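The values are calculated or read from the model by the stated rules, or taken from the named source; none is laboratory data. Not measured: the values here are computed from a predicted model. Reconstructed Cβ throughout: ideal geometry from the backbone, glycine too, with neighbour counts over all protein chains shown. Surface areas here come from the heavy atoms of the whole protein model, side chains and all, with no ligands, DNA or RNA. Shrake-Rupley method; radii C 1.70, N 1.55, O 1.52, S 1.80 Å.
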Amino acid sequence: MKPANKKYIPFQQINLPDRQWPNRVIDNPPVWCSVDLRDGNQALVDPMNLQEKLIYFKALCDMGFKEIEVGFPSASETEYEICRELIEGGHIPDDVCIQVLVQAREHLIRKTFDAIRGAKNVIVHFYNSTSTLQRKVVFKKDMPGIIRIAVEGARLIRQLANSYKGDTNIRIEYSPESFSGTEMDNAVEICAAVMKELGASPEHPVILNLPNTVEMCTPNTYADQIEYFIRHLPNRQSAIISIHPHNDRGTGVAAAELALLAGAERVEGTLFGNGERTGNLDIVNMGLNMYTQGVDPGLDFSNLPALRRMYEDCTKMRVHERHPYAGDLVFTAFSGSHQDAINKGVQYMKGTGGDKWEIPYLPIDPADIGREYEPIIRINSQSGKGGAAFVMQNSFGYNLPKAMHPEFGAMVKAECDRVGREISTDELFQVFCKNYLEIPQKYKLVGHSMLEESGRDSSRVHFHGTVECDGEEKAIHGVGNGPVDAFFQAIKQVGIKDYEFISYHEHAISSGSDSHAIAYIELKAPNGKTVFGVGIESNINMASIKGVLCAINRSLLS
Ligand code: KIV
Ligand code: ZN
């Protein structure tokens with residue numbers, strides 16, 4: 001690579017030593033304006049057709065957008081026709097304002113006013129480029145020449161808006177395109193001139209949209225630019241300050257958030273950040289960032305998967321697996337320590353009954369945005385014992401005792417290593433069944449009866465049964481202070497001795513109308529090793545007895 005310092009010009013910082021924005025917090029949502037159908041659309045390999053734009057427009061309205069830039073009607077016949085269909089086809093709710101973009105050029109402005117006939121609420125958004133670089137290499141004009149273009153555009157727009165027939169409520173937006181590459185005093189001067197020409201007043205404010213057309217600096221510098229601009233703008237109360245960040249450095253969301261702190265009141269962006277080059281500001285990302293800080297963004301993200309499907313179908317773009325909030329993998333923990341912490345967080349929330357979201361590694365409750373809770377934990381060879389136990393509990397209702405987690409976790413890890421990939425929840429369940437419920441049985445209980453004998457101070461249980469051992473059946477009988485104890489005594493008659501009872505857990509499991517009990521039995525085998533057994537039966541006593549036999553049979557497997 002060439003030495004960077006010889007090739008690239010570092011961004012000029014703003015002189016604002018008494019900046020106020022770092023001490024502020026975002027406690028209110030901005031006015032959101034979607035530019036999906038214009039900025040997003042113009043950046044697609046295949047721009048959306050009419051049908052796709054109508055579907056997208058409806059989805060934006062359903063989410064709660066009240067300002068939607070629908071296109072560039074003077075740019076092509078298709079764009080013009082789409083604007084007409086939205087209006088004539090009655091697709092625009094009364095409380096939604098459409099926005100149309102146009103360059104500050106006479107014939108394009110006239111065509112744009114023609115395109116909006118019959119609409120109820122419209123923002124006419126005009127722009128010209130103001131940056132130092134564009135003035136030098138594209139327009140070859142000085143600043144007064146650039147201001148003249150904007151002022152002449154504003155004059156015509158004011159005149160057309162005033163003479164407009166019908167009930168259309170027209171508002172005006174001006175963008176000094178490439179604002180962030182413009183000297184701030186020049187940006188202020190051109191916007192002030194436009195406001196004056198438009199006769200802006202607090203009753204009829206102009207939207208001044210300050211684009212980070214190409215993101216070229218750190219987000220704090222964009223915030224400085226916005227604060228500087230606002231502090232120097234004459235007649236400030238007659239303007240609504242809007243921002244339009246792009247994402248060239250990957251910090252579009254950060255830049256927008258800091259710009260809000262700096263005083264911006266309105267934000268233009270797109271769903272999932274579609275837009276020119278690296279995209280526009282991602283409104284889903286920014287809105288949900290606010291939501292997780294307790295600020296209602298005023299947009300409905302409650303069915304994000306459906307929104308994503310609509311977006312992918314209409315744009316033919318795809319949302320990356322790790323896209324904040326929306327990606328396939330963002331509610332998935334592969335690492336064992338993460339799984340364990342999530343598991344503990346879930347238990348903590350259940351245990352305390354608190355209504356605050358306090359789960360490590362999950363900044364948002366997936367259920368709030370229509371995501372499944374189930375795939376939060378996925379199992380691969382990196383996963384820990386806690387993850388496997390969590391899936392057993394969360395997906396199948398099996399609450400494995402803690403002491404059993406290492407044993408089961410090791411089985412799951414071995415299976416992942418064997419297949420060489422992540423395993424599904426069903427495959428994980430099969431590991432459980434194969435190792436606990438479907439094991440080879442050296443000893444098999446083929447029949448039994450139990451009798452409880454209650455005395456004044458104590459009760460005893462008699463167990464009578466038949467055990468099949470290596471194909472041969474033997475009758476057994478034992479007496480104990482409970483069913484498990486009686487069974488333990490009885491199996492001594494077939495030579496099963498020297499097992500020590502360590503722990504016992506049980507709970508109910510139900511699938512549909514069927515209710516069963518599951519018992520987890522931990523025994524110490526004669527060789528000193530501990531082993532778990534599992535029994536499932538409709539009757540809890542039998543579940544325990546089966547669990548004991550399961551542990552014994554497992555201890556005899558080589
Ligand atoms: O990025 C930009 O500067 C734009 C303007 C036309 C607002 O899209
Ligand atoms: Zn843009």
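Before moving on, here are some points about what is shown:
- Filtering region 61-88 to residues that are of a type outside the set (Gly, Ala, Ser) and in contact with a strand residue (DSSP E or B) (Cβ under 7 Å, 6 or more places away or on another chain) leaves PHE65, LYS66, GLU67, ILE68, GLU69, VAL70, PHE72, PRO73, GLU79, ILE82, CYS83, LEU86.
- Close pairs from region 263-281: first without any contact (Cβ under 8 Å) to a residue 40 or more places away in the chain, partner open to solvent by 10 Å² or more (accessible area, probe 1.4 Å) and near ligand 2 (Cβ under 9 Å from one of its atoms), Cβ under 6 Å, at least 6 apart: none
- In region 271-294, the residues that are out of contact with any helix residue (DSSP H, G or I) (no Cβ under 6 Å at 6 or more places or on another chain) and over 18 Å from GLY64 (Cα atoms): GLU276, ARG277, THR278, THR292, GLN293, GLY294
- Residue in region 64-83 that is of a type outside the set (A, V, I, L, M, F, W, C), more than 24 Å from the chain's Cα centre (by Cα), at positive phi and within 15 Å of ligand 1 (Cβ to nearest atom) present: yes
- LYS492 vs. criteria closer than 24 Å to THR530 by Cβ, of a type in the set (Lys, Arg) and not assigned by TED's automatic domain parsing to the domain that holds ILE540: no
- Test: ALA306 is more than 16 Å from ligand 1 (Cβ to nearest atom) and loosely packed, with under 15 Cβ neighbours inside 10 Å: yes
- Summed over region 355-393, residues that are modelled with pLDDT under 85 and crowded, with 19+ Cβ neighbours inside 10 Å total 10.
- Residue in region 536-549 that is assigned to a strand (DSSP E or B), open to solvent by less than 30 Å² (accessible area, probe 1.4 Å) and at negative phi present: no
- Every condition in (1) under 30 Å from ILE87 (Cα atoms); (2) within 16 Å of ligand 1 (Cβ to nearest atom); (3) open to solvent by 30 Å² or more (accessible area, probe 1.4 Å) is met by ARG158 except one, and the failing one is (2).
- Test: residue in region 203-221 that is surrounded by fewer than 16 Cβ atoms within 10 Å (Cβ to Cβ), at negative phi, under 40 Å from the mean Cα position of the chain (by Cα) and in the same structural domain as LEU108 (by TED's automatic domain parsing): yes
- All positions within region 427-443 that are open to solvent by less than 90 Å² (accessible area, probe 1.4 Å) and of a type outside the set (Asp, Glu): LEU428, PHE429, VAL431, PHE432, CYS433, ASN435, TYR436, LEU437, ILE439, PRO440, LYS442, TYR443
- Being more than 16 Å from ligand 2 (Cβ to nearest atom) and part of a loop (DSSP other than H, G, I, E, B) is a property that does not hold for GLY345.
- Test for ARG249: is it assigned to a loop (DSSP other than H, G, I, E, B) and more than 14 Å from ligand 1 (Cβ to nearest atom): yes
- Selection count, region 108-129, where residues are assigned to a loop (DSSP other than H, G, I, E, B) and closer than 19 Å to ILE240 by Cβ: 0
- Residues within region 52-89 that are open to solvent by 60 Å² or more (accessible area, probe 1.4 Å) and either free of Cβ contacts under 8 Å to residues at least 60 places away in the same chain or of a type in the set (Phe, Trp, Tyr) (or both), tallied: 8
- A single member of ASN15, ASN49, ASN41 is assigned by TED's automatic domain parsing to the domain that holds GLY181, polar (S, T, N, Q) and surrounded by fewer than 17 Cβ atoms within 10 Å (Cβ to Cβ), and it is ASN49.
- Out of GLY263, GLY287, GLY269, sole residue that is at pLDDT 95 or above, away from ligand 2 (no atom under 15 Å from the Cβ) and touching a Leu at 6+ places or on another chain (Cβ under 6 Å): GLY287
- Pairs where the first residue, in region 155-178, is within 16 Å of ligand 2 (Cβ to nearest atom) and the second is at pLDDT 95 or above and open to solvent by 70 Å² or more (accessible area, probe 1.4 Å), C-beta under 7 Å, 6+ apart: none
- Within region 209-233, the set of residues being within 15 Å of ligand 2 (Cβ to nearest atom), outside any loop (DSSP other than H, G, I, E, B) and within 24 Å of ILE149 (Cβ to Cβ) comprises ASN209, LEU210, PRO211, ASN212.
- Matching entry among ARG236, ARG277 (being within 15 Å of ligand 1 (Cβ to nearest atom) and either modelled with pLDDT under 95 or surrounded by fewer than 20 Cβ atoms within 10 Å (Cβ to Cβ) (or both)): ARG277
- Selection count, region 114-135, where residues are farther than 20 Å from LEU210 by Cα and more than 38 Å from the chain's Cα centre (by Cα): 3
- Condition check for ASP224: farther than 19 Å from SER129 by Cα and open to solvent by less than 60 Å² (accessible area, probe 1.4 Å): yes
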